[in-house]
Amino acid sequence: MDHSRAGTTNRRPLGRWNHYRFRSVWDLDAPPARVYAVLEQTGDYPRWWPQVRAVEQIDGHSGTLHIRSVLPYEIRTTATELLRDPGRGLLEAALHGDIEGWARWTVRARRGGGGLGTRALYEQEVEVRSPLLRRLAVPARPAFRLNHALMMRAGRHALAARLAASPEAV
């Protein structure tokens, strides 16, 4: 064994502490087309998702989202549509601002149960760009991950409630 490198293989460069990959699976009791129709209307997210505080539309393909979960910090990021494919159930956006990277929804019929359920998969890969959040990268990383998980759990519950309402409400 080369002892000159011992202990260095498990170290992350500090910048990697600012890199996040998230994956959330939402099982919903509604048809995929209905779930997709709600998720593609990003400008309406503040109406049903409490942590998405505001969306400022820039044009037909982009808008700035103001997001705040449990931690006392608002993230501002501009989402620009990269892909909108209802036939394949895909929505993808580039993110720029306090966080930069991409986010994707994949909406499919849920297997099993024989009902009209949907499985919505949310994936996100981002780099934190906010100076304050970058300074807190190491000590606050577990809190940032928990904050995101709580936001996604609340979003799933809120979307399920919205979908359970009459179709006219959606």
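The values are calculated or read from the model by the stated rules, or taken from the named source; none is laboratory data. Quick caveat: nothing in here was measured; it's all calculated off a predicted structure. Cβ: placed from backbone, ideal geometry, glycine included. Neighbour counts: every protein chain shown. Only protein heavy atoms, including side chains, enter the accessible area calculation; ligands, DNA and RNA are left aside. Shrake-Rupley method; radii C 1.70, N 1.55, O 1.52, S 1.80 Å.
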Hits in the stretch 75-88 - residues which are touching a Ser or Thr at 6+ places or on another chain (Cβ under 9 Å) and assigned to a loop (DSSP other than H, G, I, E, B):
Arg88
Pairs with Cβ under 6 Å, 6+ apart, first in the stretch 59-74 and without any contact (Cβ under 8 Å) to a residue 24 or more places away in the chain, second surrounded by fewer than 16 Cβ atoms within 10 Å (Cβ to Cβ) and in a loop (DSSP other than H, G, I, E, B):
His66/Glu74; Arg68/Glu74
Across (1) part of a strand (DSSP E or B); (2) open to solvent by less than 80 Å² (accessible area, probe 1.4 Å); (3) basic (Lys, Arg), Arg23 clears everything bar (2)
Enumeration of residues in the stretch 94-117 that are assigned to a strand (DSSP E or B), on the phi < 0 side of the Ramachandran plot and small (Gly, Ala, Ser):
Ala94, Ala103, Ala109
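Of everything in the stretch 85-115, what is of a type in the set (D, E, K, R), over 21 Å from Arg21 (Cβ atoms) and open to solvent by less than 70 Å² (accessible area, probe 1.4 Å)? Give them in sequence order.
Asp85, Arg110 - these are the residues of the stretch 85-115 that are of a type in the set (D, E, K, R), over 21 Å from Arg21 (Cβ atoms) and open to solvent by less than 70 Å² (accessible area, probe 1.4 Å).
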Pro139 fails exactly one of the following numbered conditions: (1) part of a helix (DSSP H, G or I); (2) within 17 Å of Arg68 (Cα to Cα); (3) open to solvent by 30 Å² or more (accessible area, probe 1.4 Å). What is the number of that condition?
(2)
Does Ala120 satisfy the condition of being under 17 Å from Leu28 (Cβ atoms) and not in a helix (DSSP H, G or I)?
yes
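Inspect all residues belonging to the stretch 81-88 and state whether any of them is among the hydrophobic types (A, V, I, L, M, F, W, C) and either within 23 Å of Arg47 (Cβ to Cβ) or modelled with pLDDT under 95 (or both). Steps first, answer last, please.
Going through the stretch 81-88, the residues among the hydrophobic types (A, V, I, L, M, F, W, C) turn out to be 82-83.
With the extra rule that they be either within 23 Å of Arg47 (Cβ to Cβ) or modelled with pLDDT under 95 (or both), the set shrinks to none.
No, the stretch 81-88 contains no residue that is among the hydrophobic types (A, V, I, L, M, F, W, C) and either within 23 Å of Arg47 (Cβ to Cβ) or modelled with pLDDT under 95 (or both).
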Within the stretch 26-39, can you find the residues that are surrounded by 15 or more Cβ atoms within 10 Å (Cβ to Cβ) and in contact with a strand residue (DSSP E or B) (Cβ under 7 Å, 6 or more places away or on another chain)?
Trp26, Leu28, Ala30, Pro31, Pro32, Val35, Tyr36, Leu39
Which residues, taken from the stretch 45-84, are farther than 20 Å from His148 by Cα and open to solvent by 40 Å² or more (accessible area, probe 1.4 Å)?
Glu56, Gln57, Ile58, Asp59, Gly60, His61, Thr80, Glu81, Leu82, Leu83, Arg84
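Would you point out the residue of the stretch 20-31, among those that are out of contact with any Gly (no Cβ under 6 Å at 6 or more places or on another chain) and not aliphatic (A, V, I, L, M), that is nearest to Phe144 (Cα to Cα)? Break it down stepwise before answering.
Going residue by residue through the stretch 20-31, those that are out of contact with any Gly (no Cβ under 6 Å at 6 or more places or on another chain) are 20-28, 30-31.
Subset that is not aliphatic (A, V, I, L, M): 20-24, 26-27, 31.
Values: Tyr20: 10, Arg21: 12, Phe22: 11, Arg23: 14, Ser24: 15, Trp26: 20, Asp27: 24, Pro31: 32 Å.
Going through the qualifying residues, I end up with Tyr20.
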Just one listed residue, out of Leu91, Leu71, is outside any strand (DSSP E or B) and either of a type in the set (A, V, I, L, M, F, W, C) or more than 14 Å from Trp26 (Cα to Cα) (or both), and it is Leu71
